[in-house]
Amino acid sequence: MSSFEIGQVVRAFYKTGAYIGQITENKGTYAVVQIKEVTRHPRQGDLHNPNEAEVPLFHERKALSFNERANIPMNMIKPYDGMVGDYYESLKSQVAILENELAAKSGAFNEKSLKALQGVKKEYELMYSINF
């Protein structure tokens, strides 16, 4: 059993993204985490073939939404005692960081990832009225 309690603020890692959120349910080996802030935007592409451009399906990966609840394995959750920032500002910041990282290196994977990230940004603009 985990030492995490309902209402506790945690850092959670989900697929290739990282978030600050609040535990809303403890399911033993998993917890339901309500997302409050993005601390690392998910990487684009195929999870099973990281950094590969030539894959059958190159995924556009969006960050989990504000207040979205996700089932996250307990081993992917860490205590967090800092301040929780604004979700939308953190999303903009993390998208910019990922964009800069991808643009700094050449190669087919980075180019394809940047293109996918542009599609994700357009969805965010429609969903959240965010201007990048």
Hey, among 106, 93, which residue is polar (S, T, N, Q) and closer than 23 Å to residue 33 by Cβ? 93
Criterion: modelled with pLDDT of 95 or more and surrounded by fewer than 16 Cβ atoms within 10 Å (Cβ to Cβ) - qualifying residue of 65, 2: 65
Check region 70-86 and report whether any residue there is acidic (Asp, Glu) and surrounded by fewer than 13 Cβ atoms within 10 Å (Cβ to Cβ). yes
Just to be sure I understand, how many residues within region 6-47 are modelled with pLDDT of 95 or more and either among the acidic types (Asp, Glu) or out of contact with any strand residue (DSSP E or B) (no Cβ under 9 Å at 6 or more places or on another chain) (or both)? 2
Can you list residue pairs whose Cβ atoms sit under 6 Å apart, with the first residue in region 88-117 being within 17 Å of residue 16 (Cβ to Cβ) and the second being loosely packed, with under 13 Cβ neighbours inside 10 Å? Count only pairs 6 or more apart in sequence or on different chains. 109/51
Go through (1) closer than 23 Å to residue 131 by Cα; (2) not in a loop (DSSP other than H, G, I, E, B) and name the single condition residue 62 misses. (2)
Flagged pairs (Cβ under 7 angstrom, 6 or more apart or on separate chains; first in region 68-84, among the small types (Gly, Ala, Ser); second assigned to a strand (DSSP E or B)) are 70/14; 70/33; 70/35
With 93, 106 as the choices, which residue is of a type outside the set (Lys, Arg), surrounded by fewer than 17 Cβ atoms within 10 Å (Cβ to Cβ) and not in a helix (DSSP H, G or I)? 106
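The values are calculated or read from the model by the stated rules, or taken from the named source; none is laboratory data. Here the structure is a predicted model, which is why all the values come from computation and not from measurement. Neighbour counts run over all protein chains shown; Cβ positions are idealised from the backbone, glycine included.
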